[in-house]
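In what follows, a structure is listed as structure tokens, so that the remarks can point back to it.
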Amino acid sequence: MNEMRPARHASREQAQFLRVLSRDEAMARFAQALDPKPLGIEQVDLAGALGRVVADHIPAPVDVPPFDRSNVDGFALRAGDVVAASENSPASLALNDETIACGTEPGLTVNPSTATPIATGGPIPRGADAVVMIEHTDLEADRLVVRRAVAPAQNISFAGSDMALGEVVLRKRTQIGSREIAMLAACGIARVNVFRKPRVGVFSTGDELIAPGSKLRPAAIYDSNGPIVCASVIENGGAAISYGMVSDNAAAIEAALRKALTECDMVVLSGGTSKGAGDLTAEIVGRLGKPGIIAHGVALKPGKPLCLAVVDGKAVVVLPGFPTSAMFTFHEFVVPVLRRTSGLPERDESIVEAQTAVAIPSDFGRTEFAMVALSEQDGGLKAFPLAKGSGAVTSFAQADGFLTIEALADRLPQGSRVPVTLLSRDIQTPDLTIMGSHCPGLEHILSALSDKGIRSRIVAIGSLGGLRAARRGECDIAPSHLFDPNSGTYNAPFLDECLTLVEGWRRMQGIVFRKGDTRFESRSVEDAIAAAIADADCHMVNRNQGSGTRMIVDRLLNRAEPPGYWNQPRSHNAVAAAVAQSRADWGVAISFVADAYGLGFIPIAEEHFDFIIPKARREHTPVIAFLEARESPDVQAALAKMGFTPAPKAQ
Ligand code: AMP
Ligand code: MG
């Protein structure tokens, strides 16, 4: 440990001088230092060939089919003998004394005025030049009556017509799918030369990480970068070797890196890239081999703390810990290198033009990439930023693509026409676009719709965001629970002449607390609030200004501001989590989340969860399907089970 210390200090100082590079410069330097190319060739058999990349042009070693063969069940004959045959004047031929089944080699020649019975796939006998279908013939005594003329070559596939001997069946760099396997098998190839898969070592660093499948402990999060990096490695032609999670400890990280570098061709790890106390990874990478760090800090967002290194010819990439940054920088910097190393052709970037639905703010001074969802509207594509920030998994996972905001711009105005780079080749824009508040009850409707083949997308932007989107006609449905304190009613007061309201369901709001807490257990709402306020050590969790729940809280508190009042998260779940984790003792949330978190619940009032719909969309088929699905007995039962009650039917 002691010998390591001076080195660490030296490289930390060095690190301060590392310049933040532009994205293009970082890419260019990385490619130059690495010069990625395929790592060699190996032979695999067909069963193991799926997904592999063909290393040489593969010529067909035989003709396919290997002989002239019949395409139908019928009779092989000479076309000239039946040239005048018709219903009214059929031709009559003698039958040869053999039947050619599949796999039978013909023995007899088809002489003039004779025919030989033949099955689909049977080899055409010598002398014959066409096959008449059995449907156009009759047997009379021991002669064949032919009621239809056939042209020479009719119903015959000639040898080599599918693939000719010597013809290139698969070209170098083709990725083998099931269809390619069919071609190889058809021409008798059992083993194929493919590029060796680059072995990519993958691990995640962070004391806070826990493997999916294990129980979360307090303050821990699941490792999502590890699994997504492994999957993306495989998608881009590599073999992922997972080394799991490593704690923020210099010796542990160094050991993992050295092991991975010995066993793999490339290493991709995430975390430890920013300037926090536990962020050691980059400096360790810097001293593992030559030339070392190529770029540490790239002027792009998400992804600034990216670190690119080459260690004795092997790429080592340290992705930022934030999931969206990790995924985006992997996509931009690792995928091109990986594809070249695995022999795959470059990913074909599809770019579409879209119009920004809202203004997108951006940092001045670095190229910024905004993950967007696309939606087909009035004949054009609209781009909606998935603005959950780089700490979110969903911003990348649910995006259709991304757009670029140049370093010298501080925002992209609403309505800008911009190129959007698609993350996968075919975007499937949804049939139904839902924007606004998300309620778990919606999922039952959406899964009923997906059973019917209707694709929907929810963009959770809150009730107010949904209302604005609906006003601009950007969504089909805006689920909403907006409370109007003046009228004491929900949603209806917010409509304008372009919008209509369809009632959804009611959600019981109440005080949530940990079961057994005597300040709340078995008390009325008033008693519980009085007990809470009386106890100086009783912490609450509030809600954000403008939410319906906040109005309830303010009414309950009647101007009191107990400890925790300024903790104002934006969702029911966050309130329940705070109470369940003892960061707060009480808050107001819907009964569904109280149950989900195993909390006690004192009912207060029902919140209305309704659907605001632009009138222009009300008769849109997917909207009708949505509203019908909501009425279906299955969905009603599922909603009831979650504690949501139907709105009383309007008269
Ligand atoms: P770091 O780059 O280690 O400073 O991490 C930045 C942020 O990303 C922190 O909030 C981490 O908890 C989070 N993070 C780091 N690694 C992972 C991972 N493997 N999966 C999910 N989140 C992560
Ligand atoms: Mg970390």
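The values are calculated or read from the model by the stated rules, or taken from the named source; none is laboratory data. None of the values given here were measured: they were computed from a predicted structure. Because the Cβ atoms are built from the backbone with ideal geometry, glycine has one as well, and the counts that use them run over all protein chains shown. Heads up: the accessible areas ignore ligands, DNA and RNA and are worked out on the full protein's heavy atoms, side chains in. Shrake-Rupley method; radii C 1.70, N 1.55, O 1.52, S 1.80 Å.
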Scanning the stretch 431-451 residue by residue, those small (Gly, Ala, Ser) and out of contact with any helix residue (DSSP H, G or I) (no Cβ under 8 Å at 6 or more places or on another chain) turn out to be SER447, SER450
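Conditions tested, residue by residue: (1) of a type outside the set (Asp, Glu); (2) more than 12 Å from ligand 2 (Cβ to nearest atom); (3) open to solvent by 20 Å² or more (accessible area, probe 1.4 Å); (4) within 27 Å of THR404 (Cβ to Cβ).
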{"position": "GLY292", "(1), (2), (3), (4)": "yes, yes, no, no"}
{"position": "GLY297", "(1), (2), (3), (4)": "yes, yes, no, yes"}
{"position": "LEU308", "(1), (2), (3), (4)": "yes, yes, no, yes"}
{"position": "PHE322", "(1), (2), (3), (4)": "yes, no, yes, yes"}
Residue check, GLY226 against (1) closer than 21 Å to PHE333 by Cα; (2) within 16 Å of ligand 2 (Cβ to nearest atom); (3) open to solvent by 20 Å² or more (accessible area, probe 1.4 Å); (4) without any contact (Cβ under 8 Å) to a residue 60 or more places away in the chain, all met but one. Which one? (3)
So which residues in the stretch 341-367 are in contact with an Asp or Glu (Cβ under 6 Å, 6 or more places away or on another chain) and open to solvent by 10 Å² or more (accessible area, probe 1.4 Å)? SER362, PHE364
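Report yes if ASP451 is surrounded by fewer than 19 Cβ atoms within 10 Å (Cβ to Cβ), over 17 Å from THR356 (Cα atoms) and of a type in the set (Asp, Glu), otherwise no. Outline the logic, then answer.
On the way: surrounded by fewer than 19 Cβ atoms within 10 Å (Cβ to Cβ): yes; over 17 Å from THR356 (Cα atoms): yes; of a type in the set (Asp, Glu): yes.
Yes.
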Restricting to the stretch 517-557, and then to whatever is charged (D, E, K, R) and under 27 Å from LEU482 (Cβ atoms), can you tell me which residue is surrounded by the fewest Cβ atoms within 10 Å (Cβ to Cβ)? GLU526
Does the stretch 461-468 contain any residue that is modelled with pLDDT of 90 or more and among the polar types (S, T, N, Q)? no
List, please: which pairs have Cβ atoms under 7 Å, are six or more places apart or on different chains, and start with a residue in the stretch 445-473 that is at positive phi and end with one that is in a helix (DSSP H, G or I)? GLY473/ALA616
Would you confirm whether or not the stretch 258-268 contains a residue that is loosely packed, with under 14 Cβ neighbours inside 10 Å and within 16 Å of ligand 1 (Cβ to nearest atom)? no
GLY391 - would you say it is on the phi > 0 side of the Ramachandran plot, out of contact with any Asp or Glu (no Cβ under 9 Å at 6 or more places or on another chain) and in contact (Cβ under 8 Å) with a residue 40 or more places away in the chain? no
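Would you call ALA309 of a type in the set (Gly, Ala, Ser) and free of Cβ contacts under 8 Å to residues at least 40 places away in the same chain? Steps first, answer last, please.
Working: of a type in the set (Gly, Ala, Ser): yes; free of Cβ contacts under 8 Å to residues at least 40 places away in the same chain: yes.
Yes.
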Number of the exception - GLU235 against (1) within 16 Å of ligand 1 (Cβ to nearest atom); (2) within 28 Å of the chain's Cα centre (by Cα); (3) among the acidic types (Asp, Glu): (1)
If you check VAL337 against the conditions, is it among the β-branched types (Val, Ile, Thr) and either over 19 Å from ARG23 (Cα atoms) or more than 13 Å from ligand 1 (Cβ to nearest atom) (or both)? yes
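Wholly within the stretch 378-494, which helices (runs of 4 or more DSSP H) include no fewer than the required count, namely at least 3 residues that are under 30 Å from LEU300 (Cα atoms)? Write out each step before concluding.
Working: elements: 394-397, 442-451, 462-471.
Here the list reads 394-397, 462-471.
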Would you point out which residue out of SER224, SER214 is farther than 22 Å from VAL337 by Cα, of a type outside the set (A, V, I, L, M) and in contact with a Phe, Trp or Tyr (Cβ under 9 Å, 6 or more places away or on another chain)? SER214
Apart from one, (1) surrounded by fewer than 21 Cβ atoms within 10 Å (Cβ to Cβ); (2) closer than 20 Å to SER242 by Cβ all hold for MET327; the odd one out is (1)
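Can ILE221 be described as within 13 Å of ligand 2 (Cβ to nearest atom), touching a residue at least 12 places away in the same chain (Cβ under 8 Å), over 30 Å from PRO59 (Cα atoms) and loosely packed, with under 14 Cβ neighbours inside 10 Å?
Details: within 13 Å of ligand 2 (Cβ to nearest atom): yes; touching a residue at least 12 places away in the same chain (Cβ under 8 Å): yes; over 30 Å from PRO59 (Cα atoms): yes; loosely packed, with under 14 Cβ neighbours inside 10 Å: yes.
Yes: the conditions hold for ILE221.
Is it true that ALA282 is aliphatic (A, V, I, L, M), buried (at least 22 other Cβ atoms within 10 Å of the Cβ), modelled with pLDDT under 95 and within 16 Å of ligand 2 (Cβ to nearest atom)?
Values: aliphatic (A, V, I, L, M): yes; buried (at least 22 other Cβ atoms within 10 Å of the Cβ): yes; modelled with pLDDT under 95: yes; within 16 Å of ligand 2 (Cβ to nearest atom): yes.
The answer is yes for ALA282.
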Is it fair to say ALA584 is touching a His at 6+ places or on another chain (Cβ under 7 Å) and either among the hydrophobic types (A, V, I, L, M, F, W, C) or not assigned by TED's automatic domain parsing to the domain that holds GLU443 (or both)? yes
Which members of the stretch 176-206 meet the condition of being open to solvent by 80 Å² or more (accessible area, probe 1.4 Å) and in contact with a strand residue (DSSP E or B) (Cβ under 9 Å, 6 or more places away or on another chain)? ARG191, ARG199
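With the requirement that a residue be of a type in the set (Asp, Glu) and over 59 Å from the mean Cα position of the chain (by Cα), what does the stretch 99-137 give you?
Residues satisfying the conditions do not exist here.
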